[in-house]
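**Student:** Provided herewith is a single structure, encoded as structure tokens, for subsequent inquiry.
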Amino acid sequence: MPAEPGTTEVSGEFQARILALVARIPPGRVMTYGQLALLAGHPGAARQAGHVMNGLMGGQDGEGADLPWQRVINAQGRVSTHKLGFGDLQERLLRAEGVPFDASGRCDLSARQWWPEEDRDAPPEALF
DNA sequence: CGCTTGACAAAGG
DNA sequence: CCCTTTGCCAAGC
């Protein structure tokens, strides 16, 4: 449908790319905003990655309702939704998936961060 | 058409 | 380890 060769439809591409990546995150694993932006083709646009997530919250048409938005955290290994009001919920959901959070609300990114290259690899028992 | 905002990231104190 | 500043880029107004 984009009949215009010059139109910047990439903006929607960015959003779709982010959502597609989030949907690919296996349970028990997490991704960072900067990572999403990088894989989306916009390195450095970590903030925008978060903006996209914020957008899927308003639409309740079941489009992004299935997206595991909870598996998206910041590079510090902490959830960036605390001030939004559902930070506690996100931590709870991740913890229920097997992602342990520190008393400070931090998790081990080195062990839980997931990359598409790993291909839905299940978390080994060693991590359990 | 331009300023302000923001689910971020990295560096410095 | 916690807090503050700077940079970055897209979307909203």
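The values are calculated or read from the model by the stated rules, or taken from the named source; none is laboratory data. Computed from a prediction, not measured in an experiment: that's the story for all the values here. With ideal geometry, Cβ positions are generated from the backbone for all residues, glycine too; neighbour counts draw on all protein chains shown.
**Student:** State whether the residues of region A:75-89 include one that is outside any loop (DSSP other than H, G, I, E, B), surrounded by 18 or more Cβ atoms within 10 Å (Cβ to Cβ) and away from DNA strand C (no atom under 11 Å from the Cβ).
**Tutor:** Within region A:75-89, none of the residues are outside any loop (DSSP other than H, G, I, E, B), surrounded by 18 or more Cβ atoms within 10 Å (Cβ to Cβ) and away from DNA strand C (no atom under 11 Å from the Cβ).
**Student:** Only residues that are modelled with pLDDT of 90 or more and more than 22 Å from A:Leu21 (Cβ to Cβ): list them for region A:96-128, please.
**Tutor:** Scanning region A:96-128 gives A:Pro100, A:Phe101, A:Asp102, A:Ala103, A:Ser104, A:Gly105, A:Arg106.
**Student:** Next question. Considering only region A:28-41, state which residues are free of Cβ contacts under 8 Å to residues at least 40 places away in the same chain and within 11 Å of DNA strand B (Cβ to nearest atom).
**Tutor:** Matches in region A:28-41: A:Leu36, A:Ala37, A:Leu38.
**Student:** OK, next. Could you say which residue among A:Val72, A:Val52 is near DNA strand B (Cβ under 6 Å from one of its atoms) and either surrounded by fewer than 18 Cβ atoms within 10 Å (Cβ to Cβ) or within 24 Å of A:Gly12 (Cα to Cα) (or both)?
**Tutor:** A:Val72
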